[in-house]
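J.: Please find one structure pasted underneath; my questions will follow.
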Amino acid sequence: MRIGLTGGVASGKSTVSGILRELGAVVIDADLLAREVVEKGSPGLERVVEAFGPEILTVDGEMDRAKVGAIVFADEPQRRVLESIVHPLVFERIVALEEAATEDDLVVHDIPLLAESGRAATFDAVIVVDVPPEVQVERMVRDRGWTREEAEARIAAQAGREDRLAIATYVIDNTGTLDDLRQRVTEVAEELRSRAES
Ligand SMILES: CC(C)(COP(=O)(O)OP(=O)(O)OC[C@H]1O[C@@H](n2cnc3c(N)ncnc32)[C@H](O)[C@@H]1O)[C@@H](O)C(=O)NCCC(=O)NCCS
Ligand SMILES: Nc1ncnc2c1ncn2[C@@H]1O[C@H](COP(=O)(O)OP(=O)(O)OP(=O)(O)O)[C@@H](O)[C@H]1O
């Protein structure tokens, strides 16, 4: 089964995918792939430098993620430019990783922008991790040291909560404790396994 996993920034997707991995799922993480395709010295990073200038590199030749984030989350056309470079490269890697998975695997695609992509219907089921925007902001400020403004800019760059909930087969409410989350994820994984068997 191919499962889409999504949720707003800092909703808890990585935490959920970590639990699913412990429960035996194969996880394909789009954020991780989006980092790999612009690694130091990669053709992807070369293209980002052509578009945004060498000032987005650190002294070590890595992409300065904070600098690029400050540019693209303040300016939608710039964000589209970055996405037009990164997304096709990520998609290529997703296809290659999927080919490596076996038929019995529960393959979970952690895709932050699944609602925006229009690809939700290509999955057998979609899990949406849901928290209200106040909780997203609180967790970004608490755990990432971002300002409230930075956190709000990232939320504003994404689909609204209702648009994400509209693509959900399963909603995972993550306003409770991490123990509550683990219990709900385990329930959803069991339902997915019984669907796969039927
Ligand atoms: C702008 C960048 C350099 C900022 O890096 P940073 O380390 O601060 O964030 P990171 O990559 O870990 O992403 C954290 C979260 O931000 C949100 N986010 C990232 N990119 C985007 C985007 N283009 N639009 C809306 N939200 C986004 C997602 O919720 C993601 O889970 C980076 O996010 C990036 O390269 N974005 C473009 C690629 C992309 O769209 N990735 C998202 C899924 S493929
Ligand atoms: N139920 C919870 N209670 C408290 N903190 C939580 C809970 N779930 C997740 N967190 C914390 O909130 C932060 C965001 O979670 P996580 O990194 O899993 O979100 P994400 O959706 O993957 O984020 P991103 O969109 O940036 O990839 C993390 O610091 C995580 O430890």
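The values are calculated or read from the model by the stated rules, or taken from the named source; none is laboratory data. Predicted model only: the values in this text are computed from it and were never measured. Here Cβ is always computed from backbone atoms with ideal geometry, including for glycine, and neighbour counts include all displayed protein chains. Note: areas computed on protein heavy atoms with side chains; ligands, DNA, RNA excluded. Shrake-Rupley method; radii C 1.70, N 1.55, O 1.52, S 1.80 Å.
J.: Give the residue that is nearest to ligand 2 (Cβ to nearest atom), with candidates limited to residues of the stretch 56-83 that are farther than 17 Å from ASP31 by Cα, in a loop (DSSP other than H, G, I, E, B) and open to solvent by 80 Å² or more (accessible area, probe 1.4 Å).
T.: For the stretch 56-83, the residue satisfying everything is ALA74.
J.: How about the stretch 6-55: which of its residues are part of a loop (DSSP other than H, G, I, E, B), near ligand 1 (Cβ under 10 Å from one of its atoms) and among the small types (Gly, Ala, Ser)?
T.: GLY8, ALA10, SER11
J.: Among the candidates ILE111, ILE19, single out the residue that is modelled with pLDDT of 95 or more, in the same structural domain as VAL129 (by TED's automatic domain parsing) and more than 13 Å from the chain's Cα centre (by Cα).
T.: Of the residues listed, the single one that is modelled with pLDDT of 95 or more, in the same structural domain as VAL129 (by TED's automatic domain parsing) and more than 13 Å from the chain's Cα centre (by Cα) is ILE19.
J.: Can I ask one more? If we scan the stretch 124-138, do we find a residue that is more than 10 Å from ligand 1 (Cβ to nearest atom), in contact (Cβ under 8 Å) with a residue 24 or more places away in the chain, open to solvent by 60 Å² or more (accessible area, probe 1.4 Å) and not basic (Lys, Arg)?
T.: yes
J.: Mind listing just one residue for me: the one in the stretch 166-198 that is more than 19 Å from the chain's Cα centre (by Cα) and assigned to a loop (DSSP other than H, G, I, E, B) and, of those, farthest from ligand 1 (Cβ to nearest atom)?
T.: So the residue we want is SER198.
J.: Pick out the one residue from ASP143, ASP163 that is touching a residue at least 60 places away in the same chain (Cβ under 8 Å) and in a helix (DSSP H, G or I).
T.: One residue alone meets the criteria, ASP143.
J.: Scan the stretch 145-162 for residues that are within 16 Å of the chain's Cα centre (by Cα) and open to solvent by 60 Å² or more (accessible area, probe 1.4 Å) and jot them down.
T.: ARG154, ALA156, ARG161
J.: Exactly one of (1) in contact (Cβ under 8 Å) with a residue 40 or more places away in the chain; (2) open to solvent by less than 70 Å² (accessible area, probe 1.4 Å) is unmet by ARG193. Its number?
T.: In the conditions (1) in contact (Cβ under 8 Å) with a residue 40 or more places away in the chain; (2) open to solvent by less than 70 Å² (accessible area, probe 1.4 Å), ARG193 misses (2) alone.
J.: Does any residue in the stretch 95-115 that is more than 25 Å from ASP163 (Cα to Cα) come within less than 6 Å, Cβ to Cβ, of a residue that is modelled with pLDDT of 90 or more and within 16 Å of ligand 2 (Cβ to nearest atom) six or more places away or on a different chain, and which pairs are these?
T.: As it stands, the answer is LEU97/ILE28; LEU106/ALA25, since those pairs meet every condition given.
J.: Condition check: closer than 22 Å to ARG182 by Cα, within 10 Å of ligand 1 (Cβ to nearest atom) and surrounded by 12 or more Cβ atoms within 10 Å (Cβ to Cβ). Does ASP105 satisfy that?
T.: Answer is no for this residue.
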